[in-house]
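What follows is a single structure, written as structure tokens, with notes after it.
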Amino acid sequence: MTISQFDFYQARQNMVDNQLRPAWVNTIRIVSTMRVLPREECVNESQRELAYADINLPLRDGRVLSEPRVIARMVQIADIQPSDKVMIIGAGTGYSAALIAHLTEKSVYAVEENEILSKQGEAFCKKYAPNVVWKHGKLCDGFTEIAPFDVIIIDGGITTLPASLIKQLAPNGRLVSVLHKEGQASQAVLIEHSSNGFRSKPYFYAALPILSELNPNYNDFSFSDMVSL
């Protein structure tokens, strides 16, 4: 079957009905957006027929287009409201940023360090989510000139929480990422910035590769020091 013959519309509907719905993704705005947003334009042409499969798809330099179920659930637990200002770290080829952009009335701020992915992601968002503001720069720097953010989503795995990013989280803000702990299965976690500091809560098992650009350093936050929700 050629690309022109492949039914991407039906593939999107199957993704929602067979992957998202059974995983309790029930936020209407997320589901309706993922029924129409063309993931196939976020991967290489040779991978397009796999764009809606329940797998991570390799992009370049160890980066992936996150599995649909995983990114949908991460966005859902972030509980993005129309008035929220959101930053996404590791925006890749733009799919997650475009998805989030349909959930808020404000601009979404996307940061990507890989130049090739950044150019592709910015072009995708200009086409499908013009309220995304794109930044090609170091992931650990975030978007300091725009901070603070109500929501930060790190689209990839981490072992520690970069201090430079957590400082950009507004009071009562939420941060979502996938935490890797040695000897344990990786899990999607929600971190909340409360009046008593930062609190973390694990939600579901998720396999996303670690973002090597977010290398730990002595200033990073340790999850063991956080209060569990």
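The values are calculated or read from the model by the stated rules, or taken from the named source; none is laboratory data. Fair warning: this is a prediction, and the values are worked out from it, not measured in the lab. Here the Cβ positions follow ideal geometry from the backbone for every residue, glycine too, while neighbour counts run over all protein chains shown.
The table below gives the values:
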{"item": "Residue match in region 195-207 (condition: of a type in the set (A, V, I, L, M, F, W, C), over 17 Å from M74 (Cβ atoms) and modelled with pLDDT under 95)", "result": "yes"}
{"item": "Region 139-194 - residue that is over 17 Å from K85 (Cβ atoms) and touching a Cys at 6+ places or on another chain (Cβ under 8 Å) and, of those, modelled with the lowest pLDDT", "result": "P162"}
{"item": "Counted residues, region 1-29 - those being part of a helix (DSSP H, G or I), out of contact with any Leu (no Cβ under 7 Å at 6 or more places or on another chain) and in contact (Cβ under 8 Å) with a residue 40 or more places away in the chain", "result": "8"}
{"item": "Region 40-64 residues that are over 16 Å from F124 (Cβ atoms), paired with ones that are among the hydroxyl-bearing types (S, T, Y) and modelled with pLDDT under 95 (beta carbon under 8 Å, 6 or more apart)", "result": "G62/S212"}
{"item": "Restricting region 60-89 to residues that are farther than 14 Å from V132 by Cβ, part of a loop (DSSP other than H, G, I, E, B) and touching a helix residue (DSSP H, G or I) at 6+ places or on another chain (Cβ under 7 Å), the residue that is modelled with the lowest pLDDT", "result": "R60"}
{"item": "Condition check for S83: touching a Ser or Thr at 6+ places or on another chain (Cβ under 9 Å) and surrounded by fewer than 21 Cβ atoms within 10 Å (Cβ to Cβ)", "result": "yes"}
{"item": "Residue match in region 79-90 (condition: within 26 Å of Q5 (Cβ to Cβ) and of a type in the set (A, V, I, L, M, F, W, C))", "result": "no"}
